[in-house]
Amino acid sequence: MKKTSLVSATLLSIAMLFGFTSLASANSTYVIDTAGVHYYAGFQISHLGFSTMHGRFDTLSGTIKYDDAEPINSQVSITIKASSINTNMAKRDAHLKSPDFFNVEEFADITFVSTKLVKTGEKKAKMTGNLTMMGVTRAITLDTTLINIGANPFSKAPTAAWSARGKIKRSDFGSNYGAPAIGNEVTLIIDIEALKQ
Amino acid sequence: MSDLLMNPGVQSSLIPLFSALVVMGLIRCLPMGAHQFLGLSVLVGFLVASYVTFGLPVLVPVASGQKIVYIAIISGSLGLVAQIFLRSGRFLLLTSLFGIILSFSWIGWKKIFAPVSMDHFGALLILAGCGMAAYKVLSVRHRNVVDTNKNDDLVVLAIVSIAIALNAFMGASASIAQNSGALAASLGAIILSNWVGLTVQPGPVTRFVPLIILPALLAQIHYFTKSNMWPLALLLLAFFTGDLAHRFVPISVQKSRFMRPIIIGAINTILAIASVAMSWAFLPVAASGY
């Protein structure tokens, strides 16, 4: 009987300890709403100096460790499946997946991990982070905006949404093929909606 | 002019061909002793095409495509060392086999260490074929006595390179296609020279460069494109076409400096067409090039 009480007390202590830790932390973890596909990771690039070609990646996942008290301390981590590239033309997508460009068989994932946020407005910040693409990691800076944070009006689930915009040079990631006819500068457009865990 | 340099077709054909011809011309101006290095024209032609197509090589190559230029330099260096120091046929073969395994493995190491799949079978098939090609190209025992200019192997390597280029293009990779095309065009300079009578005896450099670059390109196609391995395997039969010509073509025709490359080229072209047709049949439409 005594032994059972001791075990119960220990378990209770552990549970309380975890509970306390959770309460003490200002971090909330948000996970990108992949089930509802409430995200968009797109890009724009010059096509032979004529039109601007638009494309997107259809599969991504990620988390945002959101610091409720000091949002500037938040951290973002996103993984994009390179093979999910979609430019609305199967043959062009096959070319973009080949070693000429994203080389998806060799480098399956594109990842971004934030390292620093600098506030630039009430809901705006410059987010610096490491983008790894085609096996090369480079620091890039994105202009981010917190669109909204609060309860989803229908599901009541705590939800947050951000947008990020930025430009990179693909040559920085070792992608030179077809340049400069196919532009070197790539505009990134990322919009995500994430659910609090 | 810059438009011309940016044309992928020109980048992978005329530029390496003329670069190789210019290098050959320059080496021919040097004393006779330097003529043994005429094969360097293949390497230079390939490197110039690579520079025009991809720019300067990155210092630390990460992607398979970035490694090709380094593999070319390694192959040329191995060939030079072999040319200067090692003349034994067995040593040439062993050195080239080392180069073949090195280049294939460096390109495909990520996939080589992946769980066992049909990819591994394909890789073994391609490596065995490349090893066999090296044996045929480097082994003195297999040298065809009628091939006085030792030109057969270069014709075969050039046609195989063109077929690989077409296979790569079908697999949606223009960069691999351009590299293969550039290799064929660089070899074309020596073939052309031999054809018109300015004989170049292909030494280790001439043979090592294509023998070691091709496995790297094949590894790229095999591992990183949607191309099928069987059309590539079919191409390796090309190294036996010299024997075929020897058996079925009249000896007088075979001895003709003008006709022999045409016959060897024609037989290999049939194989190349079969390989490309097979590749086209295997590929899903969505995976093919434009």
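A short reminder: the numbers here are calculations on the coordinates, not readings from a lab. Computed from a prediction, not measured in an experiment: that's the story for all the values here. Every residue, glycine among them, receives a Cβ derived from its backbone with ideal geometry; neighbour counts consider all protein chains shown.
Summary table below
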| read-out | value |
| --- | --- |
| Using a Förster distance of 22 Å, the FRET efficiency for A:Thr141-A:Ser84 (Cβ separation, nearest 0.05) | 0.35 |
| Among B:Ser227, B:Ser252, B:Ser96: highest mean-square fluctuation, GNM of chain B, C-alpha pairs under 10 Å | B:Ser252 |
| Range of Cα positions in the protein assembly as shown per principal axis (Å), largest first | 99, 66, 44 |
| Difference of contour (0.36 nm per residue) and Cα-Cα distance, B:Phe282 to B:Phe240 | 12.6 nm |
| With 5 Å bins from 0: P(r) over the stretch A:27-196, alpha-carbon pairs, percent | 2, 8, 16, 22, 19, 14, 10, 6, 3, 1 |
| Rounded to 10°, Cα long-axis angle of helix A:2-24 versus longest principal axis of chain A | 40 degrees |
| Burial ordering of B:Phe208, B:Phe240, B:Phe98, fewest other beta-carbon atoms within 10 Å first | B:Phe98, B:Phe240, B:Phe208 |
| Kirkwood Rh, Cα atoms: Rg over Rh of chain B | 0.95 |
| Inter-site label distance for A:Tyr40 and B:Val253 at 7 Å from Cα along Cβ, in nm | 6.6 nm |
| Using θ = phi - 60° and Karplus 6.51 cos²θ - 1.76 cosθ + 1.60, couplings along the stretch B:8-22 (whole Hz; Gly, Pro as x) | x, x, 5, 4, 9, 10, 5, 5, x, 4, 5, 4, 5, 5, 5 |
| Net charge dipole size for the stretch A:27-196 [Lys, Arg +1 and Asp, Glu -1 on Cβ; Debye, nearest 20] | 260 debye |
| Cleavage-rule hits (GluC sites (Glu not before Pro)) in the stretch A:98-197: DSSP loop, at most 13 neighbouring Cβ within 10 angstrom | A:Glu122 |
| Exposure proxy ranking, count of Cβ atoms within 10 Å, fewest first, for B:Ile27, B:Ile190 | B:Ile27, B:Ile190 |
| Positive dipole terminus of the protein assembly as shown, leading residue within A:Gln75, A:Pro153, B:Val69 (C-beta point charges) | B:Val69 |
| Simple Cβ-charge dipole of the protein assembly as shown, Lys/Arg +1 and Asp/Glu -1, about Cα centre, in debye nearest 20 | 780 debye |
| Residues in the stretch A:143-170 that a label on A:Lys126 would reach, taking backbone N under 15 Å of a point 7 Å out along Cα→Cβ | A:143-145, A:165-168 |
| Residue-averaged 222 nm ellipticity for the protein assembly as shown, from DSSP H runs of 4+ at -39500 (n - 2.57), nearest 500 | -16500 deg cm²/dmol |
| Most mobile listed residue (B:Ala163, B:Ala34, B:Ala233) in chain B, GNM with C-alpha springs under 10 Å | B:Ala34 |
| Inter-label distance for A:Asp67 and A:Ser51, nm, one decimal - labels placed 7 Å from Cα along Cα-to-Cβ | 4.5 nm |
| Residue order, fewest to most surrounding Cβ atoms within 10 angstrom, among B:Ile73, B:Ile162, B:Ile107 | B:Ile73, B:Ile162, B:Ile107 |
